[in-house]
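The values are calculated or read from the model by the stated rules, or taken from the named source; none is laboratory data. Quick caveat: nothing in here was measured; it's all calculated off a predicted structure. Heads up, the Cβs are rebuilt from the backbone with ideal geometry, glycines too, and the neighbour counts pull from every protein chain shown. Side chains included, ligands, DNA and RNA excluded: accessible areas come from the protein's heavy atoms. Shrake-Rupley method; radii C 1.70, N 1.55, O 1.52, S 1.80 Å.
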Amino acid sequence: MHVEDIEYEADGRRMVGHLAFDDGRPGRRPAVLLSHEGPGLDENVKERAERLAGLGYVAFALDYHGDGKPLPIEAAMERLGAMAADPDRTRAVARAGLDVLLAQEQVDPARVAAIGFCFGGAMSLELARSGADVKVVVGFHPGLNSARPDDSRNIVGSVLMCCGADDPFISADDRMAFEAEMRDAGVKDWRMELYGGIGHSFTNPRADELGMPGIAYDASADRNSWRSMLELFDETLGPV
């Protein structure tokens, strides 16, 4: 297994992403761009990149805060607010990570997915809304709202959003608005999985450490959403 931290520039910052692929496997293969949760690039997302590499994908976990590490929560929230209000900025940061992934000689550029967690899910959606050639976008407890929802007409791939029904950051109205956005934009293949009794950050085993209501890891939702993602990869990206 080849695992490497890669430095690159985005948003005027030194970013450090995490690349993983099976260097014993010949030829080009499907690739996955991962976007971390709001606090920053952590071991959970790095480990998921390595899990995907073990399945045969080239995986790159981008960095959208800088230096490849989490920020203090107050600083992270301030930065997220500014990015959420500026889709072009968010898309540019995502595109910079995608360019690093596409620069790897093992990547088949016609078979690329973008997945994200929390604000990383919103970032993956914004990348798709920009018209980037990603065959599938998957969000886990993702932000669904966009300052420019009409741009969803530019989405060219499949969309899967995995949400907890009790996520304090994603209301029922948000989910309904996203459904209307996908329908109005004519997105051909979009899906939403809803997990009853589940809150935010259900894929992060350390979520409970925050001690915040509505934020908790859930092994079942984590397992089920990951399986749904892999099934969609099989449909859209083909064999590894």
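In the range 42-50, is there at least one residue being modelled with pLDDT of 95 or more, touching a Leu at 6+ places or on another chain (Cβ under 7 Å) and more than 23 Å from HIS141 (Cα to Cα)? Checked the range 42-50: no residue is modelled with pLDDT of 95 or more, touching a Leu at 6+ places or on another chain (Cβ under 7 Å) and more than 23 Å from HIS141 (Cα to Cα).
Screening ASP5 against (1) in a loop (DSSP other than H, G, I, E, B); (2) more than 17 Å from the chain's Cα centre (by Cα); (3) in contact (Cβ under 8 Å) with a residue 60 or more places away in the chain leaves a single unmet condition, (1). Put simply, of GLY38, GLY66 the only residue that is within 23 Å of GLY139 (Cβ to Cβ), in contact with a Lys or Arg (Cβ under 6 Å, 6 or more places away or on another chain) and not aromatic (Phe, Trp, Tyr) is GLY66.
Filter the range 183-205 down to the residues that are outside any loop (DSSP other than H, G, I, E, B), open to solvent by less than 50 Å² (accessible area, probe 1.4 Å) and either over 18 Å from CYS118 (Cβ atoms) or of a type in the set (A, V, I, L, M) (or both) and list them by number. Within the range 183-205, ALA185 is the sole residue that qualifies.
Out of ASP151, ASP108, ASP166, I need the residue that is in contact with a helix residue (DSSP H, G or I) (Cβ under 6 Å, 6 or more places away or on another chain) and more than 24 Å from HIS65 (Cα to Cα). Which one? The unique qualifying residue is ASP151.
Restricted to helices (runs of 4 or more DSSP H) entirely inside the range 35-147, those with at least 3 residues that are under 14 Å from ASP11 (Cβ atoms), of a type outside the set (D, E, K, R) and over 13 Å from the mean Cα position of the chain (by Cα) are 73-84, 87-102.
Restricting attention to the range 25-34, which residues are assigned to a loop (DSSP other than H, G, I, E, B) and modelled with pLDDT of 95 or more? Within the range 25-34, ARG28 is the sole residue that qualifies. Determine whether PHE169 is open to solvent by 80 Å² or more (accessible area, probe 1.4 Å) and under 16 Å from ALA122 (Cα atoms). Considered against the rule, which asks whether it is open to solvent by 80 Å² or more (accessible area, probe 1.4 Å) and under 16 Å from ALA122 (Cα atoms), PHE169 comes out as yes. Of all residues in the range 127-140, exactly one satisfies the criterion of being among the charged types (D, E, K, R) and open to solvent by less than 10 Å² (accessible area, probe 1.4 Å), namely ARG129. Close contacts from the range 167-181, counting a first residue that is at pLDDT 95 or above and among the basic types (Lys, Arg) and a second that is part of a loop (DSSP other than H, G, I, E, B) and surrounded by 17 or more Cβ atoms within 10 Å (Cβ to Cβ), with Cβ to Cβ under 8 Å and a gap of 6+ residues or different chains, come to ARG175/LEU144.
Within the range 30-58, if we keep just the residues that are in contact with a helix residue (DSSP H, G or I) (Cβ under 9 Å, 6 or more places away or on another chain) and more than 29 Å from PHE169 (Cβ to Cβ), the residue that is surrounded by the fewest Cβ atoms within 10 Å (Cβ to Cβ) turns out to be LEU55.
In the set (1) open to solvent by less than 30 Å² (accessible area, probe 1.4 Å); (2) in a helix (DSSP H, G or I); (3) among the small types (Gly, Ala, Ser), ALA180 fails one condition alone, (1). The sole residue among ASN145, ASN204, ASN224 that is of a type outside the set (Gly, Ala, Ser) and farther than 23 Å from ARG51 by Cβ is ASN145. Could you please find all residues in the range 42-56 being closer than 22 Å to MET83 by Cα and in contact with a Ser or Thr (Cβ under 9 Å, 6 or more places away or on another chain)? Hit for the range 42-56 is VAL45, nothing else.
Kindly indicate whether LEU62 is within 18 Å of ALA31 (Cα to Cα), free of Cβ contacts under 8 Å to residues at least 60 places away in the same chain, crowded, with 23+ Cβ neighbours inside 10 Å and not β-branched (Val, Ile, Thr). Spelling it out, LEU62 is indeed within 18 Å of ALA31 (Cα to Cα), free of Cβ contacts under 8 Å to residues at least 60 places away in the same chain, crowded, with 23+ Cβ neighbours inside 10 Å and not β-branched (Val, Ile, Thr).
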